[in-house]
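Below is one structure, written out as structure tokens; the observations come after it.
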Amino acid sequence: MTNDSPALALVGLSLCEAGDKLDAWSRALFLVSFLVLLLGASLGARHLAMAVACLACAGGEAFLAWRLAFDRPVFAAWARLDADRLPGAQQAFDVALEKVSKKTPGNRPLAARVAGLKRLFVRQIAAFAGQVVVLLALLETFHVR
């Protein structure tokens with residue numbers, strides 16, 4: 001089995017799908033933060049700042065989720081290919097991406113692409129964790145009052 005195998009593409013697909021599940025939770029927390037922001041007229045500046053920070057984390061998480069969602073169908077297609085057809089499919093994708101992008105993606109091995117997905121997913125987890133921490137701190141300030 002080579003490094004550029006359909007099984008490795010399946011790992012990339014799994015990372016993309018995990019990001020989708022995390023995004024669903026983040027959207028729920030976004031709604032809570034947004035409601036707090038709407039109630040902001042009756043809240044103090046500290047509450048508003050925390051709600052805005054939570055929304056900023058949600059925005060970062062949403063962008064990362066979008067990036068993973070963009071890659072999901074690509075990795076799904078690659079996971080279905082035979083190993084001997086995978087390099088040609090990657091090269092065709094790079095050529096197509098180069099036509100619509102300002103930068104040249106290069107011909108990266110599949111392992112490097114999956115490592116990039118892993119970095120995106122870890123950043124998505126960090127943004128979600130920031131969202132949770134700020135929202136919990138915000139809710140705790142209501143309890144302390």
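One line per residue, one yes/no per condition, for (1) assigned to a helix (DSSP H, G or I); (2) surrounded by fewer than 17 Cβ atoms within 10 Å (Cβ to Cβ); (3) modelled with pLDDT of 90 or more:
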position	(1), (2), (3)
LEU8	yes, no, yes
GLU17	yes, yes, yes
ALA41	yes, yes, no
ARG46	yes, yes, no
LEU97	yes, yes, no
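Restricting the first member to the stretch 101-130 and to residues that are more than 11 Å from LEU68 (Cα to Cα), and the second to residues that are assigned to a loop (DSSP other than H, G, I, E, B) and of a type in the set (Asp, Glu), the beta-carbon pairs closer than 8 Å and six or more apart or on different chains are PRO109/ASP4; LEU110/ASP4; ALA111/ASP4. Taking the conditions exactly as written (farther than 30 Å from THR141 by Cβ and aromatic (Phe, Trp, Tyr)), does PHE63 satisfy them or not? Spelling it out, it is not the case that PHE63 is farther than 30 Å from THR141 by Cβ and aromatic (Phe, Trp, Tyr). Given the options VAL52, VAL36, VAL74, name the one that is more than 13 Å from the chain's Cα centre (by Cα), surrounded by 14 or more Cβ atoms within 10 Å (Cβ to Cβ), closer than 18 Å to GLN124 by Cβ and not basic (Lys, Arg). Going through VAL52, VAL36, VAL74 in turn, the sole match is VAL74. Taking the listed residues PHE121, PHE93, PHE128, the one that is surrounded by 14 or more Cβ atoms within 10 Å (Cβ to Cβ) and in contact with an Asp or Glu (Cβ under 8 Å, 6 or more places away or on another chain) is PHE128, with no other qualifying.
The values are calculated or read from the model by the stated rules, or taken from the named source; none is laboratory data. Because the structure is predicted, anything quoted here is derived from the model rather than measured. Cβ sites come from the backbone with ideal geometry, for glycine too, and all protein chains shown count toward neighbours.
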